[in-house]
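Every number here is computed from the coordinates shown, using simple stated rules; none is lab data. Being a predicted model, the structure only gives us computed values, none of them experimental. Ideal geometry is used to build each Cβ from the backbone, glycine not excepted, and the neighbour counts take in all protein chains shown.
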Amino acid sequence: MQRYFATLDNNKNIVISPDDIFHITKVMRMNLGENFEVNVDGDLKIAEITSLKPFDFKVIKEINENHELNGYVRLLYCLPKGEKTDLVIQKAVELGCSEIVLINSERSIAKITRENKAKKLIRFNKIIKEASEQSKRSKLCTLENVINFDEIINYPADYSYIAYENTNFTSNDLIKILPTLKGKTINIIIGAEGGISKKELEIAKNANYQEISLGKRILRSETACIFILSILSLYLDN
């Protein structure tokens, strides 16, 4: 059953966006009496279409389910080149990421400027919404800001890690810390192509980030994001 994320108006009525109404009526071609899922800030309901012109519906059932991880995972991703950001956002949502923060890092080739930031965020959040609906998320992942590297201090967490290839941290060390992360807020920094600069590593260490290794092989930035989020999803999914 198709899922849509909705909001409440001042009178506590459920409001479905015009884009979603178009999707229901023109793309999905739903008819009177057909049902769809509507999620309002984590509260899931089954709705039945009662009118097409104008579009209207009624809630016929409340559903109690939770498809979120047992913990709050924040991915801080240094902007890569091309459209890799779109891919990482989509896959991060599917893997249960709670929040994404994009970083204009020293080695980010494609930076987001003040001039194009608003337009980029609109597109990124559309990707988040569509991926959340497809993967049956209970809550929308948030992506609200693009920061400079030294602003990572503004995002506190119970545990903060930075992927860095030149570290003594091993895969066994990663396996050992995973069981301690349940129910916690976890920050993960992944660098762009070219990795993390020494200056940025020092900034991260001063902000209490611990270096971690993602294995013996050097991964592309988008692969690194998917790799670590997959591992966290495995351990935090119950």
Exercise. Taking segment 186-238 as the region of interest, how many residues are assigned to a helix (DSSP H, G or I), among the charged types (D, E, K, R), over 15 Å from the mean Cα position of the chain (by Cα) and over 19 Å from Ala157 (Cα atoms)?
Worked result: 2
Exercise. What is the one condition in (1) in contact with a helix residue (DSSP H, G or I) (Cβ under 9 Å, 6 or more places away or on another chain); (2) over 22 Å from Asn208 (Cβ atoms) that Ile122 does not satisfy?
Worked result: (1)
For this session: Go through segment 1-108 and tell me which strands (runs of 3 or more DSSP E), entirely inside it, have 3 or more residues that are free of Cβ contacts under 8 Å to residues at least 60 places away in the same chain.
Result: 35-40, 43-52, 55-63, 99-104
Problem set entry | Residues of segment 214-227 satisfying the condition of being surrounded by 17 or more Cβ atoms within 10 Å (Cβ to Cβ) and touching a helix residue (DSSP H, G or I) at 6+ places or on another chain (Cβ under 9 Å) | Leu214, Ser221, Glu222, Cys225, Ile226
Exercise. Residue check, Ile49 against (1) surrounded by fewer than 19 Cβ atoms within 10 Å (Cβ to Cβ); (2) within 18 Å of the chain's Cα centre (by Cα), all met but one. Which one?
Worked result: (2)
For this session: For residues that are crowded, with 19+ Cβ neighbours inside 10 Å and farther than 21 Å from Ala204 by Cβ, tally how many sit in segment 130-152.
Result: 5
For this session: Those residues that are surrounded by 15 or more Cβ atoms within 10 Å (Cβ to Cβ) and either touching a Leu at 6+ places or on another chain (Cβ under 9 Å) or among the aliphatic types (A, V, I, L, M) (or both), I need them from segment 179-194; list them, please.
Result: Leu181, Ile186, Asn187, Ile188, Ile189, Ile190, Ala192
Exercise. Looking at segment 180-191, is at least one residue more than 23 Å from Val101 (Cα to Cα), of a type outside the set (Lys, Arg) and out of contact with any Gly (no Cβ under 6 Å at 6 or more places or on another chain)?
Worked result: yes
Exercise. What do you reckon, is Val73 surrounded by 14 or more Cβ atoms within 10 Å (Cβ to Cβ), in contact with a helix residue (DSSP H, G or I) (Cβ under 7 Å, 6 or more places away or on another chain) and either among the aliphatic types (A, V, I, L, M) or over 30 Å from Lys198 (Cα atoms) (or both)?
Worked result: yes
